[in-house]
Amino acid sequence: MGVQFVDLADEARRAIVAYVQEVKPYNRRSVRLVRRISLFLRWQASEGNEREEVVETRLWSRYGGMLVTEISLKPGTDIVLAWPDGKEARARV
């Protein structure tokens, strides 16, 4: 599943850009970084219940990334990605 960050703070976006440029220093619109990280994916189910699943990242860029999930969400679904250290980012499928 591909996701796009929504309302990501400029500081966090710059930190992602700096990290990606450090790892892959060549220029392109958005460098893709292969990185596997376990995150929590949260979303609102159609019944209105908040749901959560542990997912794994595959690719990151400054604009979003790719996740491996057990569930299939519709494009346009608003989600929250939460790191184990408590940081969170809003995104959209």
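The values are calculated or read from the model by the stated rules, or taken from the named source; none is laboratory data. Because the structure is a prediction, the values reported are computed rather than measured. So basically every Cβ, Gly included, is an ideal-geometry build from the backbone, and we count neighbours across all protein chains shown. For the accessible areas, the whole protein counts, side chains as well, though only heavy atoms, and no ligand, DNA or RNA atoms are used. Shrake-Rupley method; radii C 1.70, N 1.55, O 1.52, S 1.80 Å.
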>> For segment 30-50, which positions are of a type outside the set (A, V, I, L, M, F, W, C) and without any contact (Cβ under 8 Å) to a residue 12 or more places away in the chain?
In response: 46, 47, 48, 49, 50
> Would you pick out the residues in segment 33-68 that are at pLDDT 90 or above, open to solvent by 90 Å² or more (accessible area, probe 1.4 Å) and among the acidic types (Asp, Glu)?
Replying inline: 50, 52
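May I ask you to list the residues in segment 69-93 that are among the β-branched types (Val, Ile, Thr), touching a residue at least 24 places away in the same chain (Cβ under 8 Å) and open to solvent by 20 Å² or more (accessible area, probe 1.4 Å)?
69, 77, 80, 93
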> Which of the residues that make up segment 1-11 are at pLDDT 75 or above and open to solvent by 40 Å² or more (accessible area, probe 1.4 Å)?
Replying inline: 7, 9, 10, 11
> Restricting the first residue to segment 4-21 and requiring it to be more than 12 Å from residue 91 (Cα to Cα) and in contact (Cβ under 8 Å) with a residue 24 or more places away in the chain, which pairs with a second residue that is in a loop (DSSP other than H, G, I, E, B) and open to solvent by 40 Å² or more (accessible area, probe 1.4 Å) meet a Cβ separation below 7 Å and a spacing of at least six or different chains?
Replying inline: 13/62; 16/62; 17/62; 20/62
